[in-house]
Amino acid sequence: MNVGLSTSVIQRGQSGVAQYVFALVAALSRHSSRHDLTLLVLEDDMPLFDFAKESTRIVPVSERFRAPVKNILWHQTVLPLLARAHRLDVLHVPSYRRMLWPRPCALVTTIHDLAPFHVAGKYDWKRMLYGRVVARWLAHRQDRIIAVSQNTGTDILGFFGLPAEKVSVIHNGLDHARFFPDSIEAAKQFVLRNYDLRGPFFLYIARLEHPGKNHVRLIEAFNRFKAETKSEWQLVFGGSDWHGARTIRAAIGQSPFSSDIRCLGFVENDALPMLYRAAAVFVYPSLFEGFGFPPLEAMACGCPVLCSTRGALGEIVSDAAATVDPEDVTALKTQLAALACGPALGARLRAAGLARAQRFNWRRTASRTLDAYAAALETERAPARVAVDRQAIEN
């Protein structure tokens, strides 16, 4: 197969979708002897795909198409022409916000979540309208939809009204070459040198997005935890500013323990495993996730996890994490205290998390994705075969 992958939704590499695209490209590249992979990449993002230069064809896309509206128009007008020019059999768009209406070849899209149906105010009204209405029309034009969790698959069937045979549930993988248990002492020295982090800390890796990522309630729970325990624990946020970041920063500024709340900004790939290993507890109180990479990554590095079960999170972490209702601040505070003061609980979760993380593998994900491409191609070619068979009968 000649497969094209649109990569312009990776937000300069600073998003969960970006991690999905990078890992999938790396895994699919192992199949380059049997399949051709063409990447359509915004010019400034091209260095991010240097790892794939030898095994893929990279087609540059002008930076003038980076802005969201222009990027949507590019997908609907220019990309179909490129698909035909490069004779693609399958075109994979890894975001439901960029699904194509024209059908230049077999179309596959990945839907990571349908958060606009679950979290009020997650985006501005224009994005919410696009996600709830326009995306539903576009979904019916695709030959195959990949859902990254069973929860997302169920949402697609319910909210978009697609037939079940059109949806493939394929869990994301995990990069075990990056995320694995290693020296905790070395990790603590790393975060001391690079972030001046001392003593035990709760870690939350997520973009600073309000209300979806639920930072404000976590800050309130941390305030109560600190007031009750008088401990030296810190709360550390790693992630870029996003929609609603001002509200989060205002909550930090108003906290009586603001000096113990740190915002590190976007965390580079090399630093992320070290932060997971150095953290005493990883906290993920998101209001909704279609999958949730960070809890699994933390587990793979040997860090005990406290996690919301909203969306697909319960499906992904199973019983390998402490869980909490993310809207219950009192329960969140109680769980923070239990993990901070309960070494036995932390040790149990550490062992359970390491075992759980081993169930996720990008090679398996890539193999099943290739199956989805083949199914999409079969669907796209079916009407042509029917027309040929009908003509043969009539003749």
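The values are calculated or read from the model by the stated rules, or taken from the named source; none is laboratory data. If you're wondering where the values come from, they're calculated on a predicted model, not measured in any experiment. Heads up, the Cβs are rebuilt from the backbone with ideal geometry, glycines too, and the neighbour counts pull from every protein chain shown.
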Do any residues in the range 230-251 that are closer than 21 Å to Gly16 by Cβ have Cβ atoms under 7 Å from those of residues that are hydrophobic (A, V, I, L, M, F, W, C) and in a loop (DSSP other than H, G, I, E, B), where the two are at least six apart or on different chains, and which pairs are they?
Val236/Leu197; Val236/Leu264; Phe237/Leu264; Gly238/Leu264; Gly238/Val267; Gly239/Ala206; Gly239/Phe266; Ser240/Phe266
Identify all residues within the range 144-167 that are over 18 Å from Gly131 (Cα atoms) and touching a His at 6+ places or on another chain (Cβ under 7 Å); write none if there are none.
Ser149
For the range 9-16, indicate whether the set of residues that are touching a residue at least 60 places away in the same chain (Cβ under 8 Å), within 17 Å of Trp74 (Cβ to Cβ) and not in a helix (DSSP H, G or I) is non-empty.
yes
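For every residue, the table says whether it meets (1) among the charged types (D, E, K, R); (2) touching a helix residue (DSSP H, G or I) at 6+ places or on another chain (Cβ under 6 Å).
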position	(1), (2)
Phe160	no, yes
Lys166	yes, no
Ile170	no, yes
Gly173	no, yes
Glu185	yes, no
Phe201	no, no
Of the conditions (1) of a type in the set (A, V, I, L, M, F, W, C); (2) modelled with pLDDT under 95; (3) under 17 Å from Cys307 (Cβ atoms), Leu339 clears all except one; give me its number.
(2)
Collect the residues in the range 262-301 that are aliphatic (A, V, I, L, M) and closer than 18 Å to Pro211 by Cα, keeping them in residue-number order.
Val283, Leu287
Tell me yes or no: at least one residue of the range 139-155 is assigned by TED's automatic domain parsing to the domain that holds Pro94, surrounded by 15 or more Cβ atoms within 10 Å (Cβ to Cβ) and of a type in the set (Lys, Arg).
yes
Here is a list: Thr334, Thr323. Which entry is touching a helix residue (DSSP H, G or I) at 6+ places or on another chain (Cβ under 9 Å), not in a helix (DSSP H, G or I) and not charged (D, E, K, R)?
Thr323
So which residues in the range 195-250 are in a loop (DSSP other than H, G, I, E, B), over 18 Å from the mean Cα position of the chain (by Cα) and not charged (D, E, K, R)?
Leu197, Gly199, Pro200, Ser231, Trp233, Gly244
Criterion: in a helix (DSSP H, G or I), surrounded by fewer than 15 Cβ atoms within 10 Å (Cβ to Cβ) and touching a Phe, Trp or Tyr at 6+ places or on another chain (Cβ under 7 Å) - qualifying residue of Arg132, Arg127
Arg132
Please find, within the range 72-88, the residue that is nearest to Gly131 (Cα to Cα) out of those that are buried (at least 20 other Cβ atoms within 10 Å of the Cβ) and not aromatic (Phe, Trp, Tyr).
His75
Test: residue in the range 63-70 that is among the basic types (Lys, Arg), at pLDDT 95 or above and within 21 Å of the chain's Cα centre (by Cα):
yes
Considering only residues that are buried (at least 19 other Cβ atoms within 10 Å of the Cβ), hydrophobic (A, V, I, L, M, F, W, C) and free of Cβ contacts under 8 Å to residues at least 40 places away in the same chain, which ones fall in the range 22-56?
Phe22, Val25, Leu37, Leu39, Val41, Leu42, Ala52
Checking the condition of a type in the set (S, T, N, Q), assigned by TED's automatic domain parsing to the domain that holds Arg103 and more than 25 Å from Tyr373 (Cβ to Cβ), which residue from Ser62, Ser55 passes?
Ser62
Given the condition at pLDDT below 95 and of a type in the set (A, V, I, L, M, F, W, C), answer yes or no: does some residue in the range 32-46 qualify?
no
Within the range 148-190, residues touching a residue at least 12 places away in the same chain (Cβ under 8 Å) and over 30 Å from Ala279 (Cβ atoms) come out as Gly153, Asp155, Ile156, Phe159, Phe160, Gly161, Leu162, Lys166, Val167, Ser168, Val169
Residue match in the range 91-111 (condition: part of a helix (DSSP H, G or I), out of contact with any helix residue (DSSP H, G or I) (no Cβ under 7 Å at 6 or more places or on another chain) and modelled with pLDDT of 95 or more)
no
